[in-house]
Amino acid sequence: MDVELNTTWVEIDLGAIRSNIQQMNQFTNTAVMAVVKANAYGHGLVEVAKAAQQAQSPWLGVARVEEGVLLREAGVTGRILVLGYTAPEQVRLAAAQGIDLTVYDPDVVKAYVSQLSDGDRLNVQAKVDVGMGRLGVFPQDAQGFVEFLRGQPRINLAGIFTHFPTADEPARNLTLPQFARFERVLEQLEARQIRPPLAHAANSAAAINYPETRLDLVRTGIAIYGLHPSPETRLPQGFRP
Ligand SMILES: *Cc1c(COP(=O)(O)O)cnc(C)c1O
């Protein structure tokens with residue numbers, strides 16, 4: 001292609017992205033997962049992931065395992081979690097590349113196990129649905145699911161998480177009861193000493209609006225691109241688009 005013919009382009013300020021991640025880390029006093037799904041919200045998957053690593057973000061969140069593989073091929077070494085569904089055919093690749101998968105269905109997990117060889121170790125994180133209605137086991141099934149996962153060979157349960165549908169809206173009467181459901185699950189697991197090492201819930205809006213939801217990790221997408229989560233949920237001072 002003749003570059004001379006391109007008269008429009010997008011310039012991404014990776015310094016702003018690094019700075020926003022540091023801002024989020026300081027504002028929440030919590031480790032940040034930089035969510036880089038969908039080509040880093042259009043900003044460039046690999047470039048943003050590398051900027052996130054430079055900003056000491058220990059985790060990257062992607063929607064699909066292919067995005068995680070692209071990151072590994074580009075030399076990205078941090079921890080990666082696939083937030084969406086992964087087909088059983090892809091789990092050997094995920095295990096080989098050290099990419100964590102989201103799980104919420106025992107039959108799918110059994111299919112994963114059958115794809116893996118004895119030497120493989122697959123990191124998984126259990127998803128709980130507290131009201132989003134997308135992916136996850138219901139809170140009343142969470143303890144049984146965790147026990148099931150702990151009994152599976154070649155599977156390492158690295159974390160447990162949930163996702164809020166409306167944390168960017170002003171009404172607090174949905175998110176806080178939803179978070180209470182997740183907390184109850186964590187308490188049950190703690191009482192049985194089977195809480196996974198990592199528990200997380202907050203997206204950008206929850207990380208800002210609901211400090212109690214920050215737990216071990218905040219999964220922030222929109223905020224690290226310097227955009228307000230919604231008209232009602234504004235970024236704190238200091239974030240840059
Ligand atoms: C996209 C996504 C996020 C990031 O959400 P933002 O509102 O952009 O911060 C966090 N968690 C999950 C599960 C997601 O799918």
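At q = 0.15, 0.16 Å⁻¹, what is the base-10 log of I(q)/I(0) for the chain according to the Debye formula with one equal point scatterer per Cα and no solvent? Please give it to two decimals.
Debye intensities relative to I(0), on a log10 scale: -1.03, -1.15.
Using a simple charge model, +1 on the beta-carbon of Lys and Arg, -1 on the beta-carbon of Asp and Glu, nothing else, what dipole does region 1-152 show about its Cα centre, in debye to the nearest 20?
Using Cβ point charges on Lys, Arg, Asp and Glu, region 1-152 gives about 440 debye.
Show me, for region 79-85, the HN-Hα J-couplings you get by feeding each phi into the Karplus relation (A = 6.51, B = -1.76, C = 1.60, θ = phi - 60°), rounded to Hz, glycine and proline as x.
Couplings: 7, 10, 10, 7, 7, x, 7 Hz.
Of 196, 86, 132, which is farthest on the positive side of the dipole of the chain, counting Cα position, with +1 on Lys and Arg Cβ, -1 on Asp and Glu Cβ, and the Cα centre as origin?
Among 196, 86, 132, the one farthest towards the positive end of the dipole of the chain is 196.
What aspartates and glutamates could a cross-link reach from residue 110, if we take a straight Cα to Cα line under 18 Å and drop same-chain neighbours fewer than 8 places away?
The qualifying aspartates and glutamates are 89, 100, 118, 120, 141, 147.
Using 0.36 nm per residue of separation minus the Cα-Cα distance, give me the extension gain between residue 41 and residue 70 in nm, one decimal.
Stretched fully, the residue 41-residue 70 segment lengthens by 8.9 nm.
May I ask you to list the lysines whose Cα is less than 18 Å away from that of residue 37, ignoring any residue fewer than eight positions away on the same chain?
50, 127
Could you tell me the convex hull volume per residue, in Å³, taken over the Cα atoms of region 146-199?
84
Can you give me the P(r) profile for region 184-239? Cα pairs, bins 10 angstrom wide beginning at 0, each as a whole percent.
Histogramming region 184-239 at 10 Å steps yields 23, 43, 21, 13, 1 percent.
Based on the Cα coordinates of region 1-62, what is the per residue volume of their convex hull in Å³?
For region 1-62, the hull spanned by Cα atoms encloses 93 Å³ per residue.
To check my understanding: the extent here is largest minus smallest coordinate of the Cα atoms along each principal axis. What are those three numbers for region 13-147, in Å, largest first?
If we take the Cα atoms of region 13-147, the spans are 44, 33, 24 Å.
Long-range amide H contacts for residue 128: which residues qualify at under 5 Å (H placed 1.01 Å from N, peptide plane, sequence gap of 5 or more or a different chain)?
Those lying under 5 Å, H to H, from residue 128 are 137, 161, 162.
Counting only DSSP beta bridges with both residues in the chain, tell me the antiparallel percent, nearest 5.
Approximately 0 percent, going by the DSSP bridge assignments.
To the nearest µm²/s, what D does Stokes-Einstein give for region 147-241 at 25 °C and 0.890 mPa s, using the Kirkwood radius over alpha carbon pairs as Rh?
The calculation lands on 168 µm²/s.
Going by Cα centres, region 92-116 and region 47-75 are how many Å apart?
Region 92-116 and region 47-75 have Cα centres separated by 19 Å.
Taken together, the values in this text are just the output of simple stated rules run on the coordinates, not laboratory data. Here the structure is a predicted model, which is why all the values come from computation and not from measurement. Every residue, glycine as well, gets a Cβ built from its backbone with ideal geometry; the counts of neighbours run over all protein chains shown.
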